[in-house]
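The values are calculated or read from the model by the stated rules, or taken from the named source; none is laboratory data. Small disclaimer: the values here were computed from a predicted structure and weren't measured. Neighbour counts are summed over all protein chains in view; Cβ atoms, including those assigned to glycine, are modelled from backbone coordinates with ideal geometry.
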Amino acid sequence: MVHERTGSRANAVVGLQWGDEGKGKLVDLLASEFDAVVRYNGGANAGHSVVVGGERYALHLVPSGILSPDVLAVIGNGVVIDPHRLLEELRTLQDRGVDTSGMVISDRAHIVMPYHKAEDALREELLAPAADRGPEQTKRVVSAIGTTRRGIGPAYADKVHRATAIRIGDLLNRAVLASKLEMICSMKNAVFESLHPGEHESFDAVQLTDEMVKLGELLAPMISDTAYLLDDLRREGKSILFEGANATMLDVDHGTYPYVTSSNSSALGIGPGSGVPPQAVTKIIGVVKAYCTRVGGGPMPTELFDDVGDAIRQRGREFGTTTGRPRRVGWLDLVALKYAAMISGATELCITLLDVLSGEPELKLAVEYEMPSGRTARFIADGILLSDATPIYETMHGFSEDITGARSFDELPPNARAYIERIEAFVGVPVRTVSVGPDREQTIRR
Ligand code: GDP
Ligand code: IMO
Ligand code: MG
């Protein structure tokens with residue numbers, strides 16, 4: 001017997017830079033056209049801002065679809081969940097009148113435990129920039145990643161280690177949880193003691209088991225085998241929107257490694273992170289900020305260290321949704337963007353924060369890199385080698401008009417249109433959406 005899923009539609013929204021491209025805004029805008037919005041990667045390192053009627057929501061673990069009535073909000077198996085943060089986020093949403101009854105969590109998603117957060121912080125301190133750590137370490141090639149310290153890397157590392165991992169489903173089985181935690185805590189405590197003798201937090205298996213069982217009871221009504229759930233939706237002809245967290249340049253395999261996050265945060269993570277097969281996803285919207293930003297360590301070839309960068313940071317309010325850190329700002333890097341569109345298989349682009357560039361007399365676009373070995377139009381997906389790249393720029397005329405009220409492409413000033421058209425031509429992917437402000441309505445569709 002053939003099981004048809006033909007009436008079903010699966011699309012995705014994925015960041016094509018280093019995060020914070022405005023994915024949350026776009027997902028919120030599209031969510032009401034779908035039956036389910038699914039997170040497939042990352043954890044509370046994500047911070048997706050959504051502005052609805054002047055009200056701002058910051059979502060970290062909960063899919064942005066939660067703000068649309070009658071849309072299932074699914075956290076897939078590829079996400080790492082800090083249960084305290086998830087419950088707190090849900091409570092905050094409920095307090096603001098949001099209906100969270102459509103929330104579903106995969107029984108196979110992994111848990112971010114308190115020791116993961118401690119490990120994340122300790123590793124970052126041990127890797128701190130050479131200047132902070134004395135002359136014996138000044139020759140170090142890799143410095144701190146600049147993580148969000150949400151325990152993401154250590155949780156994914158334990159997932160791959162297998163025996164030392166806890167999944168959401170384990171919270172529902174005290175005996176399994178107690179046995180796992182007894183072994184895990186003794187191993188973690190020994191490692192902490194060797195790295196930071198006498199100064200580390202000690203983890204108690206019995207206490208942690210009690211805490212996790214209680215959290216499991218609160219989460220239980222939301223827990224499900226989401227691979228089957230999503231397949232059922234597809235068989236019923238329902239539509240699914242995947243919400244990427246982090247972004248393509250932070251992908252653990254294809255980003256600026258080692259300055260990346262610990263999941264496949266490009267569109268390539270959708271299959272493993274949700275159980276939905278790759279051929280199901282037919283439209284992939286790559287979200288691109290009209291310039292570049294990055295939070296944390298690692299190279300960004302077009303980074304600006306001057307007044308132009310400061311002005312863009314201020315106008316764009318470029319301070320992190322998750323950690324409040326000022327974001328590093330630079331010109332749009334078309335070499336990196338074309339590569340990211342290739343890796344994520346973007347079928348269309350959405351350019352965001354175009355309004356922020358208003359007032360810049362000229363706009364620069366990186367079209368090649370000068371490397372020690374010569375010029376190249378190819379991106380270098382290595383965070384150490386990429387630090388030697390000097391961008392070769394193309395310069396375009398800027399625009400000075402306030403474009404936040406524009407609602408059609410033709411209402412944009414000619415120089416803003418030319419900028420969009422240049423991006424489209426270089427990347428070879430059509431720009432179908434332009435965002436000119438944080439609100440739902442401040443959006444142009446082509
Ligand atoms: P995400 O992580 O990709 O969802 O992006 P963030 O929410 O972390 O960061 C994007 C920021 O830009 C948020 O504060 C949004 O409210 C805001 N934003 C989104 N689109 C636009 C836009 O077109 N113009 C302006 N000025 N702000 C925008
Ligand atoms: P959204 O979904 C921006 C960055 C961190 C750090 C690196 C690794 O809001 O776009 P991690 O805590 O994941 O181990 O940190 O990745 N990073 C993000 N930067 N936006 C994000 O998410 C990010 N998620 C991770 O700053 O450099
Ligand atoms: Mg963000």
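When the stretch 299-330 is examined, which residues are found to be near ligand 1 (Cβ under 9 Å from one of its atoms) and part of a helix (DSSP H, G or I)?
Arg315
Do the conditions hold for Ser387, that is, is it small (Gly, Ala, Ser), surrounded by fewer than 19 Cβ atoms within 10 Å (Cβ to Cβ) and within 27 Å of Ser49 (Cβ to Cβ)? Break it down stepwise before answering.
Values: small (Gly, Ala, Ser): yes; surrounded by fewer than 19 Cβ atoms within 10 Å (Cβ to Cβ): yes; within 27 Å of Ser49 (Cβ to Cβ): no.
When the stated conditions are applied, Ser387 does not pass them.
Would you check if there is a residue in the stretch 17-33 being touching a Gly at 6+ places or on another chain (Cβ under 6 Å), away from ligand 2 (no atom under 14 Å from the Cβ) and modelled with pLDDT of 95 or more?
Yes, the stretch 17-33 contains at least one residue that is touching a Gly at 6+ places or on another chain (Cβ under 6 Å), away from ligand 2 (no atom under 14 Å from the Cβ) and modelled with pLDDT of 95 or more.
Name the residues in the stretch 44-72 that are within 15 Å of ligand 1 (Cβ to nearest atom) and more than 14 Å from the chain's Cα centre (by Cα), would you?
First, the residues of the stretch 44-72 that are within 15 Å of ligand 1 (Cβ to nearest atom): 44-67.
Selection gives Val50, Val51, Val52, Gly53, Gly54, Glu55, Arg56, Tyr57, Gly65, Ile66, Leu67.
Residues that are more than 14 Å from ligand 2 (Cβ to nearest atom), at pLDDT 95 or above, under 24 Å from Thr443 (Cα atoms) and small (Gly, Ala, Ser): does the stretch 333-342 have at least one?
Yes, there is a match, as at least one residue in the stretch 333-342 is more than 14 Å from ligand 2 (Cβ to nearest atom), at pLDDT 95 or above, under 24 Å from Thr443 (Cα atoms) and small (Gly, Ala, Ser).
Considering only the stretch 155-274, give the helices (runs of 4 or more DSSP H) lying wholly within it that have at least 2 residues that are among the polar types (S, T, N, Q).
Those helices (runs of 4 or more DSSP H) span 174-195, 205-219.
Can you tell me which residue in the stretch 309-332 is surrounded by the fewest Cβ atoms within 10 Å (Cβ to Cβ), limited to those that are in contact (Cβ under 8 Å) with a residue 60 or more places away in the chain and under 20 Å from Ile392 (Cα atoms)?
Leu332
Between Leu171, Leu181, Leu208, which is modelled with pLDDT of 95 or more, within 22 Å of Ser224 (Cβ to Cβ) and surrounded by 14 or more Cβ atoms within 10 Å (Cβ to Cβ)?
Leu171
One line per residue, one yes/no per condition, for (1) more than 25 Å from Arg432 (Cα to Cα); (2) within 16 Å of ligand 2 (Cβ to nearest atom):
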position: Asn189; (1), (2): yes, no
position: Glu201; (1), (2): yes, no
position: Ala205; (1), (2): yes, no
position: Ser266; (1), (2): no, yes
position: Gln279; (1), (2): no, no
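How many of the residues in the stretch 248-278 are in contact with a helix residue (DSSP H, G or I) (Cβ under 8 Å, 6 or more places away or on another chain) and under 14 Å from Leu16 (Cβ atoms)?
10
Just to be sure I understand, how many residues within the stretch 294-321 are β-branched (Val, Ile, Thr), within 11 Å of ligand 2 (Cβ to nearest atom) and under 21 Å from Thr256 (Cα atoms)?
Here the count works out to 1.
Quick check on the stretch 151-172. Is at least one of its residues within 16 Å of ligand 3 (Cβ to nearest atom) and hydrophobic (A, V, I, L, M, F, W, C)?
Within the stretch 151-172, one or more residues are within 16 Å of ligand 3 (Cβ to nearest atom) and hydrophobic (A, V, I, L, M, F, W, C).
Is it the case that the stretch 249-264 has a residue that's in the same structural domain as Lys23 (by TED's automatic domain parsing), in contact with a Phe, Trp or Tyr (Cβ under 9 Å, 6 or more places away or on another chain), without any contact (Cβ under 8 Å) to a residue 24 or more places away in the chain and not aliphatic (A, V, I, L, M)?
No, the stretch 249-264 has no match at all.
Among the residues of the stretch 424-446, what is the count of those that are more than 15 Å from ligand 1 (Cβ to nearest atom), hydrophobic (A, V, I, L, M, F, W, C) and either surrounded by 15 or more Cβ atoms within 10 Å (Cβ to Cβ) or in contact (Cβ under 8 Å) with a residue 24 or more places away in the chain (or both)?
3
For the stretch 34-58, which positions are more than 16 Å from Gly76 (Cα to Cα) and more than 8 Å from ligand 2 (Cβ to nearest atom)?
Those that are more than 16 Å from Gly76 (Cα to Cα) and more than 8 Å from ligand 2 (Cβ to nearest atom): Phe34, Ser49, Val50, Val51, Val52, Gly53, Gly54, Glu55, Arg56, Tyr57, Ala58.
Report whether or not Ala416 is touching a Leu at 6+ places or on another chain (Cβ under 9 Å), more than 15 Å from Cys350 (Cα to Cα) and either of a type outside the set (Asp, Glu) or not assigned by TED's automatic domain parsing to the domain that holds Ile312 (or both).
Details: touching a Leu at 6+ places or on another chain (Cβ under 9 Å): yes; more than 15 Å from Cys350 (Cα to Cα): no; either of a type outside the set (Asp, Glu) or not assigned by TED's automatic domain parsing to the domain that holds Ile312 (or both): yes.
No, not satisfied.
Could you run through the stretch 276-298 and say how many residues are within 16 Å of ligand 1 (Cβ to nearest atom), of a type in the set (Val, Ile, Thr) and not in a strand (DSSP E or B)?
Within the stretch 276-298, the subset within 16 Å of ligand 1 (Cβ to nearest atom) is 284-296.
Next, from what is left, pick out any that are of a type in the set (Val, Ile, Thr): 284-285, 287-288, 293, 295.
Pick out the ones that are also not in a strand (DSSP E or B) and you get 295.
Result for the stretch 276-298: 1.
It is to be established whether one or more residues within the stretch 353-363 are crowded, with 21+ Cβ neighbours inside 10 Å, assigned by TED's automatic domain parsing to the domain that holds Gly47, within 16 Å of ligand 3 (Cβ to nearest atom) and closer than 25 Å to Ala144 by Cβ.
Checked the stretch 353-363: no residue is crowded, with 21+ Cβ neighbours inside 10 Å, assigned by TED's automatic domain parsing to the domain that holds Gly47, within 16 Å of ligand 3 (Cβ to nearest atom) and closer than 25 Å to Ala144 by Cβ.
Quick one: which strands (runs of 3 or more DSSP E) lie wholly within the stretch 1-102 and hold at least 2 residues that are within 16 Å of ligand 3 (Cβ to nearest atom) and surrounded by fewer than 24 Cβ atoms within 10 Å (Cβ to Cβ)?
48-52, 55-59
Quick one: which residue in Asp355, Asp388 is more than 14 Å from Phe426 (Cβ to Cβ) and touching a residue at least 60 places away in the same chain (Cβ under 8 Å)?
Numbers: Asp388 fails: touching a residue at least 60 places away in the same chain (Cβ under 8 Å).
Selected residue: Asp355, the only one of Asp355, Asp388 that is more than 14 Å from Phe426 (Cβ to Cβ) and touching a residue at least 60 places away in the same chain (Cβ under 8 Å).
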